[in-house]
Amino acid sequence: MSNHCQDAPAHTQKKWKIPWRMVIGVGALVLLAVLLRGFVVHPRLIVSGSMEPTLAVGDRLVVDTLSYRVHPPQAGDVVVFEPPPELVRSGDLRQHIAIKRVIALPGQEVRVRDGQVFVDGRLLQEPYVAAAPTYQWGPARVPEDRLFVLGDNRNASSDSHVWGPLPRRSVTGKAWLRFWPPERAGAL
């Protein structure tokens, strides 16, 4: 009896070759994805109604984490941040990352009166707000290295009117793009 496997010519035996170009290509893609995820963009899920109607519970966002390394946040930006110590100490911490709209920058004066927000004495035009605020706040000047942030759902938001101006160092990125649900997808 002969062993057919041993008798087969060498050129018909299958050898597994590692396609190095493919391995390098896949490795480069994985590295790029890790770098992008770690240093440029992050996905985020909206878990509270504090930014309604702009952002609804269940919306999924892409957060740009690179822009604010190049330039500071601007009034009107929707920023993502680590909760400030005041919020953590108060126990009003339902999530590890928060999201609000920048209303005023360092050195500006903020006042909320009769359902309207004023920055440096000028009334803000805010078509994105769910309802006029029912609280009064200020006037107060935003300290250096701080931002005054409010949720678009003013009366259901724990924000600067509750815990004070946000330390600039707490900002981790800018809400850039909503990708879910599809019918609400688009730039912010």
Simple label model, 7 Å out from Cα along Cβ direction - Arg184 to Glu82, nm: 2.8
Radius 14 Å from Cβ of Leu123, net charge of other residues (Lys, Arg +1; Asp, Glu -1): -1
Cβ-Cβ FRET estimate between Leu105 and Val47, R0 fixed at 35 Å, reported to 0.05: 0.80
Relative contact order (%) - criterion: Cα under 8 Å, at least six apart; region: the stretch 42-187: 31
Distance between modelled label sites at Arg169 and Asp64, nm, 7 Å Cα→Cβ extension: 2.5
Nitroxide proxy distance, nm - points 7 Å out along Cα→Cβ at Asp120 and Gln136: 2.6
Check: the stretch 42-187 dipole with +1 on Lys, Arg Cβ and -1 on Asp, Glu Cβ, in debye: 180
For the stretch 114-187: rounded, prolate or oblate by the Cα gyration tensor [a/c cutoff 1.5]: oblate
Histogram of C-alpha separations across the stretch 42-187, 5 Å bin width, %: 2, 10, 20, 24, 22, 15, 7, 1, 0
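Each reported figure results from applying straightforward, stated rules to the coordinates on display, with no laboratory input. The shown structure was predicted, so the numbers you read here are calculated from the model rather than taken from an experiment. Every residue, glycine among them, receives a Cβ derived from its backbone with ideal geometry; neighbour counts consider all protein chains shown.
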